[in-house]
Amino acid sequence: MRFLLGVSLFALTACSAQAPAPEQTAEPAAPSELSATQAETAASDLWLTGVDLPAYLDCAREQGVTLLQAHCTGDRPGAAENSIGAMQASLEEGALFMEMDVARTADGVLILMHDDTVDRTTNGTGVVSEMTYAEISELRLVDVDGQVLDEGVPTFADALSFLDGRGFAQVDLKDTSFEEISDSLVAANAVDRSVVITYSIEDAILLAGLLPEVALSVGARDSDDLARLREGGVDLDLATIWLGVGSGNPDWDSALAEQGLETSFGDFGGERTGTVDYRQLSANGAEVISVDDVPAAAAALNAQDASRTLLQNCPAAQG
């Protein structure tokens, strides 16, 4: 999710600090391969199967529950950004929305990758758009400490399949298009369990025209922006309004809540400086907070129990 009608500064920065160049010592393995333990754990927890996402967010607003979005899937030591491993860890901690960056390889395969190159987040080098998927699949991901992991770069299809019943995809377009994202969501039967990030009202209108059933994130600063979205055919019942990077906007959040609209934001600066107060962010009203430090945010907000209790108390959302 993003704010204002254009690309934010946050969107132009990497998900994590630059990692030192690792030694290329890891043995190649199948891309997106999970350990047997990860696979067993993942297969045992499909509690979000069939959940009605818009109804679930409505209940979050009505019941004052704050849900978590794992920025760049919630990377940490031992789990790289935009990876299945990070998704699994973030889901286990209580985050439900997995924000992932989607790019295109030279041969048209959609993969999870934030940067234009693979240099920072893998043990290889090269420009993503100039590399084939076969070439990228030979690489291993690198965590925030520069350690080479036994996990490859996942495809977008991999991520959507993994999240089915476990969490929601929060899709951030890099070197790809709304048309390609829409086709992929339809092919994966993932339209009703995904949120697509848009950076302008025009983009939101374009996406709504291509795939009117998909939920989306869009910045809206005032009632005029909301009117433009409605006039452009955007179903605001499927929209989450991004309030920007910071501690929120309680007054605008309250006005949007009166119209039945949900909001989100993220205090990434506060997380970097250690001054963030997740409970205060929750009190400021957003239904979804985007966070870098998933373990800390989840602990502060008791996210795992809160999200499951919310579903128990929300018959309209139950699958």
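For segment 53-84, how many residues meet the condition of being of a type in the set (Gly, Ala, Ser) and buried (at least 24 other Cβ atoms within 10 Å of the Cβ)?
4
Can you pull out the residues in segment 235-256 that are over 18 Å from residue 170 (Cα atoms) and in contact with a strand residue (DSSP E or B) (Cβ under 8 Å, 6 or more places away or on another chain)?
Within segment 235-256, 246, 247, 248, 249, 252, 253, 256 meet the criteria.
Does segment 179-189 contain any residue that is open to solvent by 30 Å² or more (accessible area, probe 1.4 Å), under 23 Å from residue 71 (Cβ atoms), of a type in the set (Ser, Thr, Tyr) and outside any helix (DSSP H, G or I)?
No, there is no match, as no residue in segment 179-189 is open to solvent by 30 Å² or more (accessible area, probe 1.4 Å), under 23 Å from residue 71 (Cβ atoms), of a type in the set (Ser, Thr, Tyr) and outside any helix (DSSP H, G or I).
Kindly evaluate residue 164 against the criterion of being within 15 Å of residue 102 (Cα to Cα) and either in contact with a helix residue (DSSP H, G or I) (Cβ under 8 Å, 6 or more places away or on another chain) or not β-branched (Val, Ile, Thr) (or both).
No, not satisfied.
Kindly indicate whether any position in segment 301-315 is of a type in the set (Gly, Ala, Ser) and over 13 Å from residue 65 (Cα atoms).
Among the residues of segment 301-315, not one is of a type in the set (Gly, Ala, Ser) and over 13 Å from residue 65 (Cα atoms), which makes the answer no.
Among (1) more than 29 Å from residue 261 (Cα to Cα); (2) modelled with pLDDT of 95 or more, there is one condition residue 26 misses while meeting the rest; what is its number?
Tallying (1) more than 29 Å from residue 261 (Cα to Cα); (2) modelled with pLDDT of 95 or more, residue 26 fails exactly one: (2).
Could you list all residues from segment 215-261 that are open to solvent by 40 Å² or more (accessible area, probe 1.4 Å) and among the acidic types (Asp, Glu)?
The answer is 222, 224, 231, 235, 237, 251, 258.
Name the residue, out of 233, 270, 219, that is in contact with a Phe, Trp or Tyr (Cβ under 8 Å, 6 or more places away or on another chain) and modelled with pLDDT of 95 or more.
After applying the criteria, what remains is 219.
Within segment 262-313, restricting attention to residues that are part of a loop (DSSP other than H, G, I, E, B) and among the hydrophobic types (A, V, I, L, M, F, W, C), which residue is surrounded by the most Cβ atoms within 10 Å (Cβ to Cβ)?
The extreme case among them is 286.
The values are calculated or read from the model by the stated rules, or taken from the named source; none is laboratory data. Note that the coordinates shown come from a computational prediction; the quantities given were computed from them, not determined experimentally. Quick reminder, even Gly has a Cβ in these numbers, built from the backbone with ideal geometry, and neighbours come from all protein chains shown. Ligands, DNA and RNA are stripped out before the accessible areas are found, and what is left, the full protein with its side chains, is counted by its heavy atoms. Shrake-Rupley method; radii C 1.70, N 1.55, O 1.52, S 1.80 Å.
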